[in-house]
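All of the numbers you see were taken from the coordinates with simple rules; none came from a lab. Fair warning: this is a prediction, and the values are worked out from it, not measured in the lab. All Cβ positions, even for glycine, are placed from backbone atoms using ideal geometry, and neighbour counts span all protein chains on display.
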C-alpha cells in the first residue's frame, strides 16, 4: 500500500481494528521519512531556509514543553534529529546553500 486511502479501501466498516491502524501509521511514517529525505534535494534555497526556521521553532517549542511533566508520544529531540538528517543530506548542493542554512540551525543545536 502506498497511501492511507489504499489501506482504508480494504477496510469494510466505518471503524477499523488495531491492525488497520498500525498499517495506517506505517504508511504515515514512511511518507514522513520520504518527505524528510527529499526536501534537501527538491526545495529551492528560500523554501529550504524557511522550512529549517519552522523546524527549529517547532523543536524549541517541543523541548520547552518537554520540561513539563506530561506524557510524550515522541522523544523531545525528535525534531532535532530531523533537522540534522536534512543538513547531512545537503552536501550535493552548492556550498553556499549550506552556508545559508547553517546559521538558521546552529544556535538551536548549541542550546
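Using the beta-carbon distance between residue 111 and residue 89 and R0 = 30 Å, what value does 1/(1 + (r/R0)^6) give for FRET efficiency, to the nearest 0.05? Present the calculation step by step, with values, prior to reporting the outcome.
Values: r = 23 Å, r/R0 = 0.77.
After rounding, the FRET efficiency stands at 0.85.
Hey, what did region 44-111 get for relative contact order, percent, Cα under 8 Å, at least 6 apart?
Details: 34 pairs, mean separation 31.9, N = 68.
Result for region 44-111 is 47 percent.
To the nearest 10 degrees, how steep is helix 95-110 against the longest Cα principal axis of the chain, on a 0 to 90 scale?
80
Per DSSP H run of n ≥ 4, the term is -39500 (n - 2.57); total these for the chain, divide by its residue number, and report the mean residue ellipticity at 222 nm rounded to 500 deg cm²/dmol.
Values: 5 runs with 80 residues, N = 111.
Calculated mean residue ellipticity at 222 nm is -24000 deg cm²/dmol.
For residue 47 and residue 19 in one chain, what is 0.36 nm times their gap in residues minus the Cα-Cα distance, to one decimal in nm? Don't skip to the end; give the middle numbers.
Numbers: separation 28, 0.36 × 28 = 10.08 nm, distance 3.71 nm.
Answer, rounded to one decimal: 6.4 nm.
Any idea what angle helix 45-66 forms with the longest principal axis of the chain, computed on alpha-carbon atoms, 0 to 90 degrees, nearest 10?
70
Any idea what angle helix 78-88 forms with the longest principal axis of the chain, computed on alpha-carbon atoms, 0 to 90 degrees, nearest 10?
Helix 78-88 sits at roughly 60 degrees to that axis.
In Å, what Rg and Dmax follow from the Cα atoms of the chain?
17.4, 53
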